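Here is the structure we will look at.
The values are calculated or read from the model by the stated rules, or taken from the named source; none is laboratory data. What you are looking at is a predicted structure, and each value in this text was computed from that prediction instead of being measured. Cβ placement follows ideal geometry from the backbone for every residue including glycine, while neighbour counts extend to all protein chains displayed. Surface accessibility is based on the protein's heavy atoms, side chains included, excluding ligands, DNA and RNA. Shrake-Rupley method; radii C 1.70, N 1.55, O 1.52, S 1.80 Å.
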Amino acid sequence: MTLLQLDYLDVAGKQGVNHITIKKTSRMCSAHNSTSVRVVTDIAPDIRLTLHNSGHILGSAMSHLHIGEGLHNIVYTGDYKFARTMLLEAAAIEFQERKR
């Protein structure tokens with residue numbers, strides 16, 4: 001995320017557009033929470049989040065929400081690609097029920 005933000009600042013500066021500053025970018029990057037793909041994270045007492053590879057853009061992910069004791073499972077993504085490329089694996093297609 002930091003590299004993408006710094007690249008954005010470079011491109012925007014060359015185009016004469018300055019929406020954010022390096023100071024704001026540094027503050028934003030230090031304030032975020034990160035997690036890895038396929039790692040179950042408790043985000044509420046009865047909701048667990050697991051990120052899965054969406055296969056399209058470097059760093060993109062699908063969100064799998066496991067709610068309660070498995071009665072509700074939701075996968076949300078804005079983007080995915082099922083074909084494997086030289087840089088990225090294909091999007092995940094299996095989402096396992098996560099028990100505590």
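Scanning the stretch 38-56 for residues that are touching a strand residue (DSSP E or B) at 6+ places or on another chain (Cβ under 8 Å) and either more than 21 Å from Ile67 (Cβ to Cβ) or not in a loop (DSSP other than H, G, I, E, B) (or both) gives Val40, Thr41, Asp42, Ile43, Ile47, Arg48, Leu49, Thr50, Leu51, His52, Asn53.
Looking across the stretch 13-25, the residues that are out of contact with any Ser or Thr (no Cβ under 8 Å at 6 or more places or on another chain), on the phi < 0 side of the Ramachandran plot and not hydrophobic (A, V, I, L, M, F, W, C) come down to Gly13, Lys14, Gln15, Asn18, His19, Thr21, Lys23, Lys24. Residue pairs whose Cβ atoms lie under 6 Å apart, sitting 6 or more positions apart in sequence or on different chains, and linking a residue in the stretch 5-18 that is free of Cβ contacts under 8 Å to residues at least 60 places away in the same chain to a partner that is of a type in the set (Val, Ile, Thr) and surrounded by 11 or more Cβ atoms within 10 Å (Cβ to Cβ), are Gln5/Thr25. Considering the stretch 82-100, and only residues there that are modelled with pLDDT under 75 and among the charged types (D, E, K, R), the residue that is least open to solvent (accessible area, probe 1.4 Å) turns out to be Arg98.
In summary, Thr35 fulfils each of the numbered conditions (1) open to solvent by 100 Å² or more (accessible area, probe 1.4 Å); (2) part of a loop (DSSP other than H, G, I, E, B) with the single exception of condition (1). Could you list, in sequence order, the residues of the stretch 59-74 that are among the hydrophobic types (A, V, I, L, M, F, W, C), open to solvent by 60 Å² or more (accessible area, probe 1.4 Å) and either closer than 15 Å to Thr35 by Cα or in a strand (DSSP E or B) (or both)? Ile74, the sole residue that qualifies. Filtered by the rule that a residue be part of a helix (DSSP H, G or I), at pLDDT 80 or above and of a type in the set (A, V, I, L, M), the stretch 5-32 gives Leu6, Leu9, Val11, Ala12. Among the residues of the stretch 1-37, which ones are among the hydroxyl-bearing types (Ser, Thr, Tyr) and under 28 Å from Glu69 (Cβ atoms)? Across the stretch 1-37, the qualifying residues are Ser34, Thr35, Ser36.
Out of Thr77, Thr41, Thr50, one residue alone is touching a Lys or Arg at 6+ places or on another chain (Cβ under 9 Å), more than 19 Å from Thr2 (Cβ to Cβ) and crowded, with 16+ Cβ neighbours inside 10 Å. It is Thr50. Here Ala31, Ala12 are screened, and the one residue that is of a type in the set (Gly, Ala, Ser) and within 22 Å of the chain's Cα centre (by Cα) is Ala31.
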